[in-house]
């Protein structure tokens, strides 16, 4: 079985690191590409030699390109429409959730506040990446 390749895009380095560590504690074979913004994510995806992710996780609130805008940009490329994309945010505003789901996000998660919730999220992300 091929390793799960997860593209994790969040401007908060601590959030990226904590989620990455939790995912790797559950599945040591997962490959995680952790990027600080939407521009880096688009560079990664447009790199001919990039490994196609089995899951993309986008933070909703990012400078330069929001996660919601990045979601639209990624799905504009037919090559990436089959990749599940999930949103992760501190906001659970109904309009944000509806906007992202309407634009193709598979799921919209609120960032967990404790380790048990973080572990459940990591397991769910690995399940989606399968």
- request: Quick one: grab Rg to one decimal and Dmax as a whole number for segment 5-129, Cα atoms only, in Å.
  value: 13.3, 38
- prompt: Mean separation of Cα pairs under 8 Å and 6+ residues apart, divided by the residue count of segment 5-129: what relative contact order is that in percent?
  reply: 26 percent
message: Taking the Cα centroid of segment 4-21 and of segment 94-130, what is the distance between the two, rounded to the nearest whole Å?
response: 13 Å
Extension reserve of the residue 46-residue 81 stretch, reckoned as 0.36 nm per residue once the Cα distance is removed: 11.2 nm
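Only the coordinates and a few stated rules stand behind these numbers; no lab work does. This structure is a prediction, so every number in the text was calculated from the model and none was measured.
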